[in-house]
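The structure appears below as structure tokens.
Each value in this text was obtained by applying a stated rule to the coordinates, not by laboratory testing. Predicted model, so just to flag it, every value in this text is computed and none were measured. FYI the Cβ positions are ideal-geometry reconstructions off the backbone, even for glycines, and counts take in every protein chain you see.
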Amino acid sequence: MLKALCVFFALLGTFAALAQVHPDSIYTVELPPYMLEIDKSEIVESAIHAPNYSLSFDTTNALSVDDILWEMTYIPKMTNDMVKDRLSCIENIIPLHYNERVQAFIDFFTLKRRDFILRVLERKNMYFPLFEKIFAEYGIPDEMKYLSIVESALVPTALSRAGARGLWQFMPSTARLKGLKQDYYFDERLDPEKSTRAAASYLLDLYRVFGDWELAISAYNCGPGNIRKAQKKTGKLKFWDIFPALPTETRSYLPQFVAITYVLHYADEYQLINEKPAFPIPAEEVYVSQAVNLQILAKELRVCLEDLRLLNLAVHRDIIPPYVQNFPLRIPKLRYQEFLDNQERILQVVADVSENALATNLGAVRYHIVRKGETLSRIAQKYGVSIAQLKVWNQLRSSYIKPGRQLVIYTLSYSLPSQKDKKLNPKSITYSIYTVRSGDSLWQIAQKYGVTVQQLKEWNQLKSTKLEIGQKLKVRPIQ
């Protein structure tokens, strides 16, 4: 009885500590099952090269049994024949060949790096349902979801030393090829849904090239060019036939995938028990067409900032810039109605963004060659941006520009969603509100919010451009 009371009071202390950290958070009333800390600075190159992996391991050879400390009372020993038979039982569309290299990785993950598998088991409920849904849409084999573990260990913010990012470790060039936007404020490689769709599309492209899922997986790692070189060098086509001619990392890539697939299917058999699973935070999308400071929004909604960041992983620096149009911002579902009821006030408060937030725009980059007689004001008006933006993008200290200079200009990337979009705000059109300050002009306000003077006049029923300090203006429609 005394022991039970000690445990009870210890739990009370834990909840009290949580309440002190986030006194108003909706998530401190009851410890949620979906809380998951993700370190945005975490670097994960691949399962075998993840942080703290100090073991020097030759992935092209089997792991010697002598290197393993067997604890028969804790980890059951599986014979090679048992492993081979179990692999054949779970094989679906993608071949799961058994050999000494696959066995080496199975031993590695079930014996040497059990901590790695346990962390993956914690995270799989966060992302596997999403992978399964999207892969079904694209006609990708369901078991392809295990490839993300080899790529990122299911860490959505994973960053490789080569610059690959996200659950599917897209390099910048490949990401742009697949429509994932990257700029000062956004990196859609970190968006779980968009990056998974890009990965599905890319894997499907590779399968169409080679007609073989093993080769498609390998090409995802080293590129289709290296696969063709290996095929040409060996005069053969299948993965295990061209294996010796492949890059070293790729030779261990597919065996890792097979081993991970096996281990996650039979984790319980190896006493790898998922005791603290994480789940996605229930969320809703709201469309914003203005600047949003996530730190301020978290305070306004009384939610944990880390949860808000986790829902909007593609947003850098906790800032959504002012020139987006109907950007889909995800907020906890339990605060969705509160947001709708207080939308105008909240959007006005969260628009408090520093001037550094105007550093760059969204979307595709354009270039303008300055002609004789042109001014920054005229160029800004032509492209619907502000003079301040042009200065920051091009590192200009003054408004003077020489003819012949090339200017970098960013264009809008988020367009108005169609009326068929089921997630549009249920209210009729509302507007972001701006309070006129001393020195403001209608032109300056239009430039700041990426709209025209005529639009401001129409939305506010203005007959002239004259403004008064403290006047409230509708500056951008919110669908």
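Beyond 25 Å between alpha-carbons counts as too far, so tell me which of 276/299; 77/145; 382/466; 145/276; 133/178 fall in that bin.
Details: 276/299 28 Å; 77/145 27 Å; 382/466 23 Å; 145/276 21 Å; 133/178 19 Å.
Result: 276/299; 77/145 exceed 25 Å.
If the chain linking residue 229 and residue 455 were pulled fully straight, counting 0.36 nm for each residue of separation and taking away their Cα-Cα distance, it would gain 75.6 nm. Take each peptide in 102-114, 129-141, 79-91, 169-181, count the other Cβ atoms within 10 Å of every residue, and average; sorted highest first, the result is 102-114, 169-181, 129-141, 79-91.
Count charges around residue 231 for me, please; just the other residues with Cβ under 14 Å from its Cβ, Lys/Arg as +1, Asp/Glu as -1.
Values: positive: 228, 229, 232, 233, 236, 238; negative: 212, 214, 241.
Once all neighbours under 14 Å are counted, the net charge is +3.
Evaluate the charge dipole of segment 284-350 about its Cα centre and quote only its size in Debye, nearest 20, assuming +1 on the Cβ of each Lys and Arg and -1 on the Cβ of each Asp and Glu. Could the numbers behind the result be given before it?
Values: 8 positive and 9 negative charges, 27 e Å.
It comes to approximately 120 debye.
Sorted on the mean count of surrounding Cβ atoms within 10 Å across their residues, most packed first, peptides 456-465, 149-158 read 149-158, 456-465. Give, as a single signed number, the net charge of other residues whose beta carbon lies under 11 Å from the beta carbon of residue 217, with Lys and Arg counted +1 and Asp and Glu -1. Local charge sum for residue 217: -4. Peptide packing for 212-218, 272-278, 202-208, 159-165 was compared via the average number of neighbouring C-beta atoms within 10 Å per residue; ordered from the highest value, the list is 212-218, 202-208, 159-165, 272-278.
Output needed for segment 284-350: three equivalent-ellipsoid semi-axes, defined as square roots of 5 times the C-alpha gyration tensor eigenvalues, in descending order, whole Å.
Details: eigenvalues 46, 41, 24 Å².
After scaling each eigenvalue by five and taking roots: 15, 14, 11 Å.
A simple count of charges around residue 175, restricted to other residues whose Cβ falls under 11 Å of its Cβ and scoring Lys, Arg +1 and Asp, Glu -1, yields +3.
Using the structure shown, list the pairs from 181/229; 391/448; 124/194 with a Cα-Cα distance above 20 Å, or answer none.
Numbers: 181/229 31 Å; 391/448 14 Å; 124/194 18 Å.
Long pairs (Cα-Cα over 20 Å): 181/229.
Summing Cβ point charges (Lys, Arg +1; Asp, Glu -1) relative to the Cα centre of segment 203-278 gives a dipole of roughly 580 debye. Full extension of the chain between residue 176 and residue 90 gives 27.4 nm of extra length, using 0.36 nm per residue less the Cα-Cα distance. Remark on residue 284: its backbone amide H falls under 5 Å from those of 331, 333, a criterion applied only to residues 5 or more positions apart or on other chains, H modelled at 1.01 Å from N.
The shape of segment 47-270 can be summarised by an equivalent ellipsoid whose semi-axes, obtained from the alpha carbon gyration tensor, come to 28, 21, 17 Å from longest to shortest.
Going from the residue with the fewest nearby Cβ atoms within 10 Å to the one with the most, 167, 340, 467, 310 rank 340, 467, 310, 167.
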